[in-house]
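Okay, so here's the structure we're looking at.
The values are calculated or read from the model by the stated rules, or taken from the named source; none is laboratory data. For clarity, every value in this text was computed on a predicted model and none was experimentally measured. Positions of Cβ are generated from backbone atoms using ideal geometry, with glycine treated the same way; all protein chains shown enter the neighbour counts.
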Amino acid sequence: MPFFSKFLNQDNHIALGVDIGSSAIKIVQIRKKNGQAVLETYGELALGPYINLSVGQAAILPPEKIAQALNDLMREKEVNITTKKCGVSIPFTSSLMSLVEMPDVSPKQLAVMIPFEARKYIPVPISEVMLDWSIIPKSEVRVSDSREFSAQEENSSGIEAKTPSSLAKVDVLVVAIHRATIALYQDIVAKAGLEASFFEIEIFSTMRSVLDETTQPVMIMDMGAATTKLYVVERGIIRSSHTINRGSQDITSTLSKSLGITLAHAEVMKRQNGVIGNDKDFTNIIVLVLDYIFSEVNNTILSFEKKYNKAIAKVILVGGGSALKGLPELAKNNFKTEVVSANPFSKVSTPAFLEKILQETGPEFAVAIGLALRKLAEDE
């Protein structure tokens, strides 16, 4: 069953963000009212049950099943989606990105040059991908304004700028996504009866909803069902990334095996108790999984700080797994830097009486809110 909330206003500028994750779909609808983005409705629906898996488990579904789940969520009367116009997320792993040094020429000249330059860094024929690019400002903070296709090449060692010969140069973010991936998501959107004006890599949506204008490097720790993704972001640029093949479903699985209970029961206990319960055995089982993830996080932090000689100012927790009770406090004891749970709902106006629950669930909706914010700005 989904959880949801709804708020009605009377204005015409409405935007919908659709985050298709590995274990659940999240949607957020916002509205422009008196110059502010106002939360109108939001909801989440687990994908596991659509192929006989438990809630919280990562599920690989065909497009028609994903579209069915999306339709089921939007049809919930309590959610009450009122627009078909949306932005949709695409997984980080479906993308490629290079930070390229290019001659400081006009945008028209860059548009001609970039496809040729991109051939050096994209390991598939250019005809098979869709390209986008944007110039990285040298003197201002940039939180992704990533147009039609935002992307990031996954690696654990950072992104090096590639340098063609030129006197004056600019850094250009060149992004690519395979046409087959776009076609897959277009199929899902069409089957769900929606109209997507853009598809955006999930991390760029997250950056829009959780980052402020700090110039210091920060780490975004996105804990999903199957994986935990780490991104070090500085001035709106992803400097390094790393994927850990552990996520919240590994906690559930370990609890199930250790306690001899079903996955469904283990998932309920995990959500109810987190790592702050009185049962030490239960807590130790969870910590066993988290210790591995935390070790990888610390290694990624140390690697970045050693390479760039800069300290990471804080770690921002996002993703469904980061909603685990007690996780921020446990993370603070393991990382040598500040740790905060993301609060993307702070970017929109919300009812005061929902402040607590929105803070608790906020990390799960970072992508959907970021998509809706971009869509709202696009329609102005």
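Observations
Each row is one residue, and each column tells you yes or no for (1) hydrophobic (A, V, I, L, M, F, W, C); (2) assigned to a helix (DSSP H, G or I); (3) touching a helix residue (DSSP H, G or I) at 6+ places or on another chain (Cβ under 7 Å); (4) not assigned by TED's automatic domain parsing to the domain that holds GLY17.
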| site | (1), (2), (3), (4) |
| --- | --- |
| TYR42 | no, no, yes, no |
| LEU61 | yes, no, yes, no |
| MET74 | yes, yes, no, no |
| LEU99 | yes, no, no, yes |
| LYS108 | no, yes, no, yes |
| PRO123 | no, no, no, yes |
| ASP132 | no, no, no, yes |
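- Residue that is farthest from THR254 (Cα to Cα), among those in the stretch 202-227 that are of a type in the set (D, E, K, R) and surrounded by fewer than 24 Cβ atoms within 10 Å (Cβ to Cβ): GLU213
- From ILE30, ILE14, residue being out of contact with any Gly (no Cβ under 9 Å at 6 or more places or on another chain), of a type in the set (Val, Ile, Thr) and either at pLDDT below 95 or assigned by TED's automatic domain parsing to the domain that holds THR361 (or both): ILE14
- For ASP132, the test of being under 20 Å from the mean Cα position of the chain (by Cα) and among the charged types (D, E, K, R) is passed.
Yes/no matrix, rows are residues, columns are (1) in a helix (DSSP H, G or I); (2) of a type in the set (Gly, Ala, Ser):
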{"residue": "ALA311", "(1), (2)": "no, yes"}
{"residue": "LEU330", "(1), (2)": "yes, no"}
{"residue": "ASN333", "(1), (2)": "yes, no"}
{"residue": "LEU358", "(1), (2)": "yes, no"}
{"residue": "PRO363", "(1), (2)": "yes, no"}
{"residue": "ALA366", "(1), (2)": "yes, yes"}
{"residue": "ILE369", "(1), (2)": "yes, no"}
{"residue": "ALA372", "(1), (2)": "yes, yes"}
{"residue": "GLU380", "(1), (2)": "no, no"}
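- As for the stretch 344-352, it holds at least one residue that is in the same structural domain as LYS32 (by TED's automatic domain parsing), under 20 Å from GLU202 (Cα atoms) and not in a helix (DSSP H, G or I).
- Being at pLDDT 85 or above and among the charged types (D, E, K, R) is a property that holds for GLU195.
- Among (1) in a loop (DSSP other than H, G, I, E, B); (2) modelled with pLDDT of 90 or more; (3) among the polar types (S, T, N, Q), the one test that GLN68 misses: (1)
- Qualifying residue in the stretch 266-274 (condition: part of a helix (DSSP H, G or I), surrounded by 21 or more Cβ atoms within 10 Å (Cβ to Cβ), acidic (Asp, Glu) and assigned by TED's automatic domain parsing to the domain that holds ARG235): yes
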